[in-house]
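Here is the structure we will look at.
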Amino acid sequence: MVNCHLGFFVLLSFVVSVCGASRNLPILSFDEGYSQLFGDDNLIVLKDGKSVHLSLDERTGSGFVSQDLYFHGFFSASIKLPADYTAGVVVAFYMSNGDMFEKNHDEVDFEFLGNIRGKDWRIQTNVYGNGSTSFGREERYGLWFDPSEDFHQYSILWTEDQIIFYVDNVPIREIKRTAAMGGDFPSKPMSLYATIWDGSDWATNGGRYRVNYKYAPYVAKFSDLVLHGCAMDPIEQSSKCDNAEKHDSVPTGITPQQRTKMENFRKKQMQYSYCYDRARYKVPPSECVLDPKEAERLRAFDPVTFGGVHRSRGKRHHRSKSSQGGASSV
Ligand SMILES: *[C@@H]1O[C@H](CO)[C@@H](O)[C@H](O)[C@H]1NC(C)=O
């Protein structure tokens, strides 16, 4: 926190970028805010009562879930991912109401996809609304740091008309609710989840590299867990608070400065976007705003998925399957 105070006298924006938006938000202890979901002693709560280690070994993965469901809010965690060989390993930090609404659930995902040694983790974001699981809206990116080297903050802002994904205060994706999306925009209370599991069948190069338990246990470390929203009873729709999103430390949208950072991030780091995947969607979904430069860059990155290369139907099918990656993965 020394840096924060120092930064304050230098420049306000410096404070924001160094200290993180969630720093002043209350952090619940694990026992107050969460319950174990699975994985018996592969979930460990540290002595501070707030930090959690989730591990995956040959027996099981592990995970936890918030005790309450929330209707809108700001949700965040500092996460340090396992290092070295992590192919096939998936760490997920997400919101869902799949256990309450089996047929028409909502979901907002961060998924971290492990990799072979020497290659970096990738992250994927996705959103489902009202059971739209046959319609994936995945994006996948590299990061500007090694997420296994240190803790970094990953956050989701969910309001009535937008969802913003953040990495260390850099917005990386903004989803605006459009009329054409209809029920595909999450609109029912959701719980917050964190899990680690074996995603051998799709996580790394579409299943080419599987989890190798010689390197287990794989440990994902979580701290600074923030639940800042309206806890709500999803059946009675009664809420325990008003205007929970309003807090000095909770972002309300993207500042012009942040927008520049987001655009730079997406230019450099985006590796997959459903909007440009012609193998999956012949006509880009209505909410997509296509940028010819982005299309060209993705095509250079992956000519098969992003068009311009002729191939047989069978091949196309195979490719589109692997590029879907995490569709309906949690
Ligand atoms: C959600 O899906 C159900 C059917 O599963 C449908 O009756 C309802 O109208 C949908 N809601 C929205 C907001 O689209």
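Values quoted throughout were computed directly from the atomic coordinates according to the rules given, and no laboratory measurement underlies them. Being a predicted model, the structure only gives us computed values, none of them experimental. Virtual Cβ from ideal backbone geometry, glycine too; neighbours counted across all protein chains shown.
About the Cα centre of the stretch 2-306, what is the dipole size in debye to 20, counting +1 per Lys and Arg Cβ and -1 per Asp and Glu Cβ, all else neutral?
1120 debye
Taking the highest mean first, how do the peptides 108-121, 205-218, 83-96, 131-144 order by number of other beta carbon atoms within 10 angstrom per residue?
Values: 108-121: 19.4, 205-218: 16.3, 83-96: 23.3, 131-144: 17.9.
So the peptides 108-121, 205-218, 83-96, 131-144, ranked by packing, come out 83-96, 108-121, 131-144, 205-218.
For the stretch 117-204, divide the Cα radius of gyration by the Kirkwood radius and give the resulting Rg/Rh value with two decimals.
My calculation of the ratio gives 0.98.
Short version: ³J(HN,Hα) in whole Hz for each residue of the stretch 72-77, in order, from phi by Karplus 6.51 cos²θ - 1.76 cosθ + 1.60 (θ = phi - 60°), x for Gly and Pro, what are they?
6, x, 10, 10, 8, 8
Quick check on my link table: of K221/K261; K50/K80; K50/K221; K176/K293; K188/K282; K80/K176, which ones sit more than 18 Å apart, alpha carbon to alpha carbon?
On the way: K221/K261 27 Å; K50/K80 15 Å; K50/K221 11 Å; K176/K293 21 Å; K188/K282 30 Å; K80/K176 29 Å.
In this structure, K221/K261; K176/K293; K188/K282; K80/K176 lie more than 18 Å apart at Cα.
Using amide H atoms built in the peptide plane, which far-off residues or other-chain residues are under 5 Å from V226 H to H?
S76, A77
Could you tell me whether the stretch 109-165 comes out rounded, prolate or oblate from its Cα gyration tensor? Rule is a ≥ b ≥ c as square roots of the eigenvalues, rounded for a/c under 1.5, then prolate if a/b exceeds b/c, otherwise oblate.
Note, shape of the stretch 109-165 comes out oblate.
Once you compute Rg and the Kirkwood Rh from C-alpha atoms, what is the Rg to Rh ratio for the stretch 2-306?
Working: Rg = 18.9 Å, Rh = 20.0 Å.
Value, to two decimals: 0.94.
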